Amino acid sequence: MTTATTINDITTSAYIADLTGVWSTLVQHYIGPAITIITGFFAVMYLVKNQIRPMLVFLALAAIVAVVVYAAPALLGQNSTLVKNGAEIAKQIN
């Protein structure tokens with residue numbers, strides 16, 4: 001076992017140890033697109049059946065999922081503007 005292999009194993013283990021990064025990657029690369037594809041499939045299915053209201057519901061659901069999956073880390077992350085403003089408002093109230 002060489003020194004380079006040991007250092008590589010340590011850095012890889014440290015990278016994997018951060019579960020928030022793993023969860024974020026999993027949600028943004030696999031779960032979010034899967035949910036969007038499934039809801040899009042149902043929307044097209046209702047479009048083919050000529051049922052407009054359920055189609056619109058599924059399209060809205062796909063849009064909400066996309067916003068939550070892709071915009072939530074930027075909007076509600078640790079250093080986001082919304083969180084900072086909320087903390088300031090809470091300090092002013094207390």
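The values are calculated or read from the model by the stated rules, or taken from the named source; none is laboratory data. Keep in mind it's a predicted model, so treat the numbers as computed, not measured. Here the Cβ positions follow ideal geometry from the backbone for every residue, glycine too, while neighbour counts run over all protein chains shown. Surface areas here come from the heavy atoms of the whole protein model, side chains and all, with no ligands, DNA or RNA. Shrake-Rupley method; radii C 1.70, N 1.55, O 1.52, S 1.80 Å.
If I go through region 35-59 residue by residue, how many of them are within 18 Å of Ala71 (Cβ to Cβ) and of a type in the set (A, V, I, L, M)?
Residues in region 35-59 being within 18 Å of Ala71 (Cβ to Cβ) and of a type in the set (A, V, I, L, M): 2 in total.
Scanning region 33-87 for residues that are outside any helix (DSSP H, G or I) and open to solvent by 60 Å² or more (accessible area, probe 1.4 Å), which turns out nearest to Gly21 (Cα to Cα)?
For region 33-87, the residue satisfying everything is Gln78.
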